[in-house]
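Everything below concerns the one structure shown next.
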């Protein structure tokens, strides 16, 4: 799995680490304390030093990136993972690194950042893209809605992922449409439904077939 996607892993890892390069370029312009966390109201509530802001987040994401690929490679059903869904997943950490790096450096340089608007936009778009690929995801232990009753029943898996795909696209569109409201409650509420509803749906299929 890793050997097959090594080129993609190298490219995406480089993109994840780009904020480090940019941070070093503007190092002398950065303040001693840099904001790295915002609360639900969009207010800064966490700071760290320059070294932490420049190096820790990209390093964590690139480590997570490789761990996810290693785990996927150990999946006994890894051959069932289609190339497009896997490629989509491989771009999640690079996108997050660029977005988070941009937010952190913009705030560090003294500019206003509306995270309550930006983050719903980013995640809403990600949900739409992920939802589009969900129906194409075959049974495996790494990607998708991995529940005992979906992993043991291919029909349940397929029905659940078709339903979840539609729901995630719809949920992502709603999040995008309401992002200007800057409501953490709306964002989390829709995200919660996108996780719970497909789980209940797949369980009902399981119970119905059990009878």
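The values are calculated or read from the model by the stated rules, or taken from the named source; none is laboratory data. Note that the coordinates shown come from a computational prediction; the quantities given were computed from them, not determined experimentally. Cβ sites come from the backbone with ideal geometry, for glycine too, and all protein chains shown count toward neighbours.
Assorted remarks:
- You will find that of 108, 51, 87, the residue that is over 28 Å from residue 140 (Cα atoms) and surrounded by 13 or more Cβ atoms within 10 Å (Cβ to Cβ) is 108 and no other.
- Scanning region 67-84 for residues that are surrounded by fewer than 14 Cβ atoms within 10 Å (Cβ to Cβ) and either within 16 Å of the chain's Cα centre (by Cα) or part of a helix (DSSP H, G or I) (or both) yields 67, 70, 71, 74, 79, 83, 84.
- Test: residue in region 125-132 that is modelled with pLDDT under 95 and over 14 Å from the mean Cα position of the chain (by Cα): yes
- Filtered by the rule that a residue be assigned to a loop (DSSP other than H, G, I, E, B), over 18 Å from the mean Cα position of the chain (by Cα) and crowded, with 21+ Cβ neighbours inside 10 Å, region 133-171 gives a lone residue, 140.
Yes/no per residue for (1) in contact (Cβ under 8 Å) with a residue 24 or more places away in the chain; (2) in contact with a helix residue (DSSP H, G or I) (Cβ under 6 Å, 6 or more places away or on another chain):
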{"position": "24", "(1), (2)": "yes, no"}
{"position": "48", "(1), (2)": "no, no"}
{"position": "73", "(1), (2)": "yes, no"}
{"position": "97", "(1), (2)": "yes, yes"}
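- Applying the condition of being surrounded by 16 or more Cβ atoms within 10 Å (Cβ to Cβ) and touching a helix residue (DSSP H, G or I) at 6+ places or on another chain (Cβ under 6 Å) to region 116-128 and asking which residue is nearest to residue 183 (Cα to Cα) yields 120.
- Beta carbons closer than 9 Å, at least 6 apart along the sequence or on distinct chains, never pair a first residue in region 58-69 that is at positive phi with a second that is outside any helix (DSSP H, G or I) and surrounded by 21 or more Cβ atoms within 10 Å (Cβ to Cβ).
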